[in-house]
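**Student:** The structure's right below; bear with me while I get my questions together.
Computed from the coordinates by the stated procedures, all read-outs in this text should not be read as laboratory data. Nothing here was measured: the structure is a model prediction, and the numbers come from that model. Every residue, glycine as well, gets a Cβ built from its backbone with ideal geometry; the counts of neighbours run over all protein chains shown.
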Amino acid sequence: MKFLFDLFPIILFFIAFKLADIYTATIVAMVATIGQILWVYYRHRKIDAMQWVSLVLIVVFGSLTIFLHDKTFIQLFTYLSSFMTNILAPFFIQGR
């Protein structure tokens with residue numbers, strides 16, 4: 001269930017992208033990520049480091065996408081997220 005909860009902003013992003021455009025989907029992803037962090041904090045009073053990193057990345061790159069009206073930045077977020085997941089996540093799991 002935690003896996004689906006972690007994918008919640010991404011799922012909403014793709015739904016919004018199909019129904020509208022990249023800029024609407026970016027706003028939806030940003031709001032969903034902020035809401036997700038608030039919910040985790042409300043329930044557990046602790047937020048993991050990877051969740052903080054994801055929040056910062058989506059807010060920074062999402063804001064650049066919206067304000068500059070350039071989809072390149074949200075695409076960069078996708079590449080950085082993939083990098084973090086594939087390269088850095090094992091280090092967080094092992095506790096290094």
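**Student:** Describe numerically, in nm with one decimal, the distance between label points set 7 Å from Cα along Cα→Cβ at Gln75 and at Trp39.
**Tutor:** 3.1 nm
**Student:** For a Förster distance of 25 Å, can you work out the FRET efficiency between the beta-carbons of Phe8 and Phe67, rounded to the nearest 0.05?
**Tutor:** It comes out at approximately 0.50.
**Student:** Then there is this: Taking only Cα atoms, what is the 0 to 90° angle, nearest 10, from helix 72-83's long axis to the longest principal axis of the chain?
**Tutor:** Here the helix axis deviates by roughly 20 degrees.
**Student:** Could you work out [θ]222 nm for the chain from helices alone, using -39500 (n - 2.57) per DSSP H run of at least four and dividing by all its residues? Round to the nearest 500 deg cm²/dmol.
**Tutor:** Calculated at 222 nm, the ellipticity per residue is -27000 deg cm²/dmol.
**Student:** Could I ask something else about it? Obtain the nm distance between the two label points defined at Met84 and Leu19 by a simple spin-label model: each point lies 7 Å from its Cα along the Cα-to-C-beta direction.
**Tutor:** Distance between label points: 2.6 nm.
**Student:** Which of the lysines could be linked to Lys46 by a straight reach, that is with a Cα gap under 18 Å, when you skip same-chain ones fewer than 8 residues away?
**Tutor:** Lys2
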